[in-house]
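The values are calculated or read from the model by the stated rules, or taken from the named source; none is laboratory data. Computed from a predicted structure; not experimentally measured. As a convention, Cβ positions derive from the backbone with ideal geometry for all residues, glycine included, and neighbour counts pool all protein chains shown. We work out accessible area using only protein heavy atoms, side chains counted, and drop any ligands, DNA or RNA first. Shrake-Rupley method; radii C 1.70, N 1.55, O 1.52, S 1.80 Å.
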Amino acid sequence: MCGIVGSIGLRRPREYVGNGLKMLDYRGYDSAGVAYFDNGIKIYKDVGSVEHLLGIVPKNIKTNIMIGHTRWATHGAPNKNNTHPHISFHKKICLVHNGVIENYKELKNFLLEKCYGFYGETDSEVVANLVDYYYLETKDVQKAIEKVISLLKGSYAICLFDSDSENDLYIFKKGSPLVVGLGKGFKMVASDASPMVEYTTDFIELSDLEYGIINKDKVTIYDKDGNEVAKETIHKDIELISHDLKGYPHYMLKEIEEIPQTVNRIIDNYFQNDEFQFDNDLLNDLNESDHIIFIGCGTSYHAGLVGGRYFEKYDKSASRFIASEWAFHPTFPGQKPFIILISQSGETADLIHCLKIIKEHNLKNLIITNTGGSTLDRNCDYSILLHSGIEVSVASTKAYVAQVALFAMLAAALQNDKQVVKDLKQSIDVINDIQGNFKPIIKSVAEEIKDKKNIFYLGRSFDYFLSLEASLKLKEISYIHSEAVPGGELKHGPIALIEDGLPVIVFITDPETAPSMRGNIEEVKSRGAKVYVIATEALAKEGDTIVVKNYAFYLSSVAISSIAFYLAYYVSLAKGLNVDKPRNLAKSVTVE
Ligand code: G6P
């Protein structure tokens with residue numbers, strides 16, 4: 001899904017670009033490269049990790065300008081030729097690109113007619129050549145970029161330099177994010193602010209169809225027609241991110257074990273001196289709206305399912321949507337809807353697309369994110385940070401719990417219902433109990449299910465939402481097919497799949513639906529399923545696999561999700577898989 005970094009005028013550009021690419025690692029990649037100016041354009045790139053790349057890039061580079069890129073293959077296989085940076089046919093233009101050019105075939109045909117040759121299959125190489133073509137025609141990079149912007153369809157964030165000058169870096173974008181960092185005597189560029197926070201607290205964000213010319217002392221931004229645009233400098237103190245494993249073998253394990261702290265931090269940040277600490281304007285806007293729309297992807301969507309229920313508990317009607325579905329068929333229930341976007345990374349392209357639509361409709365919006373300074377944090381009307389600390393493992397754990405805990409607090413704040421704080425504190429005890437006492441039993445269940453092809457999770461109401469997340473987590477990192485089914489829906493189809501030895505993991509923590517869930521257990525057991533029950537003390541029966549302390553049922557995703565996370569973790573570990581970086585997935589999906 002590609003990460004971009006670039007700098008001009010920086011004393012140690014290799015260090016910035018190398019570390020920056022590592023920090024953008026969450027975007028997922030299969031190959032990486034850098035380019036710089038030293039008596040012409042120099043490029044080093046290869047398939048594999050940034051560490052591998054840095055092994056082949058010379059150590060003492062003297063250059064004013066450097067760009068770097070991590071590529072997640074979309075057009076063309078992950079091989080060296082398709083890896084960025086790309087250089088144009090006449091060796092005039094060197095660029096890195098994040099996004100997808102929809103009309104690249106048409107543009108490539110145009111260039112082939114003009115006798116351009118191509119070494120790879122990417123849409124990005126086409127853009128390098130298109131700029132090259134118009135540069136040679138106009139002798140002016142700026143004019144060439146304007147022409148190229150008028151021709152490109154799709155999404156792009158592009159950073160380039162030309163072979164005739166080491167004093168200017170050029171950027172342009174549409175759809176994909178690009179941020180400029182401002183330093184004294186140097187400037188930097190990246191897909192998000194994180195690589196730059198060590199160097200500056202001042203940023204400029206490029207808007208769609210704008211382009212910029214950057215030299216070490218100055219950044220000038222233009223609209224697509226070449227009119228200079230006055231940009232606001234955003235001053236943001238963004239937390240420096242530590243990638244320390246703190247002695248844990250995997251980030252996922254570390255992040256699961258940080259869950260109690262994470263929930264505590266939500267309470268501490270948003271409830272002080274016996275009062276909720278949310279922006280009053282936000283609470284007013286939420287109170288005045290007659291319908292709340294929750295939008296997210298993957299795990300964040302699952303948190304939104306729970307969040308919607310919390311708002312309904314406080315008499316707000318709510319609907320929930322998967323971002324990529326809503327973006328193409330947006331609906332606006334109610335007279336005065338308020339939109340809540342949910343994204344751990346704050347960079348997910350599907351959500352950024354939704355925000356564009358939301359703004360076109362002038363609707364009030366809020367982002368719940370773990371990433372201060374991210375695109376959604378910067379661009380939504382309101383932003384509430386999770387303060388969970390960086391989440392490195394692709395499988396989201398602590399951020400999911402933080403999202404749900406935050407929704408519980410925010411919904412309760414609408415009616416000043418302080419009971420939620422007590423309930424959350426009680427949940428923390430339950431989590432600590434699970435983390436302290438249940439890992440061996442979860443590990444043994446993992447051993448039993450690790451070679452299965454299919455697994456079912458069952459639950460009702462909040463336990464169903466938790467089942468969805470538990471199932472996604474297992475799928476993501478163990479590659480076992482799994483399904484989450486609401487207990488009552490079992491007999492409407494899924495029961496056909498129950499067969500001898502099929503593991504069925506059942507959550508029973510809701511007093512109201514516990515008897516029905518027990519009925520479901522009988523249904524699957526009598527068809528040969530191997531059932532594992534997770535129940536609260538109040539609802540437990542002999543033979544249940546894990547019995548946890550009682551807690552307020554609506555907080556299932558906070559109190560007992562650790563069980564599901566550990567299970568996925570131990571299965572992945574037992575199968576010898578890459579727990580933190582599962583195949584085909586990225587921490588944040590930055591293309592649609
Ligand atoms: C990717 C990840 C998922 C994540 C989803 C949403 O698909 O693999 O684990 O839940 O993106 O990410 P976000 O950063 O928007 O919460």
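Among Asp279, Asp544, the sequence by solvent-accessible area, most first, with a 1.4 Å probe is Asp279, Asp544. Taking all protein chains into account, the per residue accessible area for the chain stands at 38 Å² (1.4 Å probe).
With a/c under 1.5 counting as rounded, go ahead and sort segment 1-120 into rounded, prolate or oblate using the C-alpha gyration tensor (a ≥ b ≥ c being the square roots of the eigenvalues; past the cut-off, prolate if a/b is larger than b/c, else oblate). Oblate shape, in that a/c is at least 1.5 and b/c is the bigger or equal ratio. Extension gain for Glu51-Phe332 works out to 96.5 nm (0.36 nm per residue, less the C-alpha to C-alpha distance). The protection proxy used here, the mean number of other Cβ atoms lying within 10 Å of each residue, ranks peptides 76-83, 399-406, 493-500, 125-132 as follows, highest first: 399-406, 125-132, 76-83, 493-500.
Sequence-ordered 3J(HN,Hα) estimates for segment 247-252 from the Karplus curve with 6.51, -1.76 and 1.60 and θ = phi - 60° stand at x, 7, x, 9, 4, 4 Hz, glycine and proline given as x. Taking other residues whose beta carbon is less than 13 angstrom from the beta carbon of Asp350, and scoring Lys, Arg as +1 and Asp, Glu as -1, yields -2. Taking the radius of gyration and the Kirkwood hydrodynamic radius from Cα positions alone, what is the Rg/Rh ratio for segment 121-235, to two decimal places? Result for segment 121-235 is an Rg/Rh of 0.95.
In the chain, helical runs assigned H by DSSP with n ≥ 4 each contribute -39500 (n - 2.57); averaged across all residues and rounded to the nearest 500, the mean residue ellipticity at 222 nm is -11000 deg cm²/dmol. Sorting Arg11, Arg320 by solvent-accessible area of protein heavy atoms yields Arg11, Arg320, largest first, with a 1.4 Å probe. Full extension of the chain between Thr233 and Asp268 yields a length gain of 9.5 nm, computed as 0.36 nm times the residue separation minus the alpha carbon distance. Measuring spread by the Cα atoms of the chain yields a radius of gyration and Dmax of 25.5, 81 Å. Surface calculation, 1.4 Å probe, protein heavy atoms: Cys94 sits at approximately 0 Å² accessible.
Can you tell me the orientation of helix 398-414 relative to the chain, as the angle in degrees between its alpha-carbon axis and the longest Cα principal axis, to the nearest 10? The angle comes out at about 70 degrees.
At q = 0.10, 0.13, 0.15, 0.21 Å⁻¹, what log₁₀ I(q)/I(0) does segment 474-592 have when each alpha carbon counts as one equal point scatterer in the Debye sum? Debye curve over Cα of segment 474-592, log10 I(q)/I(0) at q = 0.10, 0.13, 0.15, 0.21 Å⁻¹: -0.37, -0.62, -0.80, -1.25. Just to confirm a number: summing +1 for Lys and Arg and -1 for Asp and Glu over residues other than Leu466 whose beta-carbon lies under 13 angstrom from that of Leu466, what do you get? Value of the local net charge: 0. Shown are Lys439, Lys541, Lys452, whose ranking by accessible area with a 1.4 Å probe and every protein chain present, most to least, is Lys541, Lys452, Lys439. Carbon and sulfur: what percent of the chain's accessible surface (1.4 Å probe)? Of the solvent-accessible surface of the chain, carbon and sulfur hold 47 percent. Classify segment 69-164 as rounded, prolate or oblate, taking a ≥ b ≥ c as the square roots of the eigenvalues of its Cα gyration tensor: rounded when a/c is under 1.5, otherwise prolate if a/b is larger than b/c and oblate if not. Rounded, since a/c falls under 1.5. Compared with the dominant Cα axis of the chain, that is its longest principal axis, helix 13-23 is turned about 30°.
Dividing the convex hull volume of the alpha-carbon atoms in segment 123-191 by its residue count gives 90 Å³ per residue.
Of interest is the spacing of the C-alpha centroids, which for segment 496-518 and segment 433-490 amounts to 11 Å.
Sequentially through segment 77-86, phi angles give Karplus couplings (6.51, -1.76, 1.60; θ = phi - 60°) of 4, x, 10, 4, 4, 7, 6, 7, x, 10 Hz, Gly and Pro residues having no value and appearing as x.
Specify the angular offset, from 0 to 90 degrees and rounded to the nearest 10, of the alpha carbon long axis of helix 349-360 from the longest principal axis of the alpha carbons in the chain. So the helix axis and the longest Cα principal axis differ by about 80 degrees.
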